Amino acid sequence: MEPRPRSFYALSAFFALFLLFLYGPTITIAVLSFQGPGGGLTFPMRGTSLHWFRNLFEQQAVGDIWGSFRRSFALGLMVMVTTVVLSVMGGLAFRKKFRGSGILFYLIITSLVIPSILISLGVGLIFSQSGLNVHWASSGFGSQLTWTLPFGLLIMFAVFNRFDKSYEEAARDQGATSWQTLRHVVLPIIGPSLIGVALFGFTLSYDEFARTLLTAGSYNTLPLEIFGMTTNVTTPVLYALGTLTTVFSLLVIGLFLCLALWSTRRKARAGSDAGKGML
């Protein structure tokens, strides 16, 4: 067996540091959330218990934890569905070159490099100056789409660039209409990619802070609520909340991964619908 080069150990050490900085803070917060009733915000631990998790489900003197969670969840679903639909439509539209397509593409991508706080400020000003209500479901929804939609479009552009058009041609040869081809051929093939776009849309929205800061109005989303609690909550209940939201995020990611795996296996078993006729 050949000895490993020094570069291997250097890269391994760098990767270990990367994992430490990535997961170290999350693990620290998770550990501290199990402090005993007399525990504080720092080490050393003062006993271990589920006291602060139970405290989350009691009446809180500060903040609206569960109301903000419901708003973040609802907003995440709204952004997810809109991102998936518009990304598919955009991907289909960009399959053929049209005048101004290059300029439009770069305008879409530009929103990713503009500072998020400026997007939030601009959207909030537009709504307030237009006499519209600044609300998480309107202005907050719009500002978050400027973050999730470009990612969804980039994914769908890549998917359709590699898409084999012979499947569509075979379906049309069988007498399928454009809608039938889209429904029975295109969408089943790109299904796993759509699940990925949906995951991006939901998680980016659920965790978004800067673009919602000035567009959520009077009602906070969960990231804004947690940020507000850091200034006036001095107990590990804040860490317990962080641990629960992290677990929820991991469960959502796991659900989407299971859906993607199921979709891939289903497609592998059934094969393409092209050539099988339309229902």
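FYI, it's all coordinate maths here, none of it is from the lab. Values in this document were obtained by computation on a predicted structure and should not be read as measured data. Cβ: placed from backbone, ideal geometry, glycine included. Neighbour counts: every protein chain shown.
For this structure, a couple of remarks:
- Listed by position, the helices (runs of 4 or more DSSP H) contained in the range 131-194 that have at least 1 residues being of a type in the set (Gly, Ala, Ser) and buried (at least 18 other Cβ atoms within 10 Å of the Cβ) are 139-161, 166-173.
- The set of residues in the range 116-141 that are in contact (Cβ under 8 Å) with a residue 40 or more places away in the chain and not polar (S, T, N, Q) comprises Ile117, Ile119, Leu121, Val123, Gly124, Phe127, Val134, His135, Trp136, Ala137, Gly140, Phe141.
- The residues on offer are Met89, Met80, and the sole one that is without any contact (Cβ under 8 Å) to a residue 40 or more places away in the chain and either assigned to a helix (DSSP H, G or I) or not acidic (Asp, Glu) (or both) is Met89.
- Count - residues of the range 20-72 that are surrounded by fewer than 12 Cβ atoms within 10 Å (Cβ to Cβ) and at positive phi: 1
- For the range 55-68, the criterion of being under 30 Å from Leu145 (Cβ atoms), in contact with a Phe, Trp or Tyr (Cβ under 6 Å, 6 or more places away or on another chain) and among the small types (Gly, Ala, Ser) is met by none of the residues.
- Scanning the range 205-239 for residues being aliphatic (A, V, I, L, M), within 16 Å of the chain's Cα centre (by Cα) and surrounded by 18 or more Cβ atoms within 10 Å (Cβ to Cβ) gives a total of 1.
- Residues of the range 195-222 that turn out to be assigned to a helix (DSSP H, G or I) and either within 20 Å of Phe256 (Cβ to Cβ) or touching a Cys at 6+ places or on another chain (Cβ under 6 Å) (or both), as a count: 14
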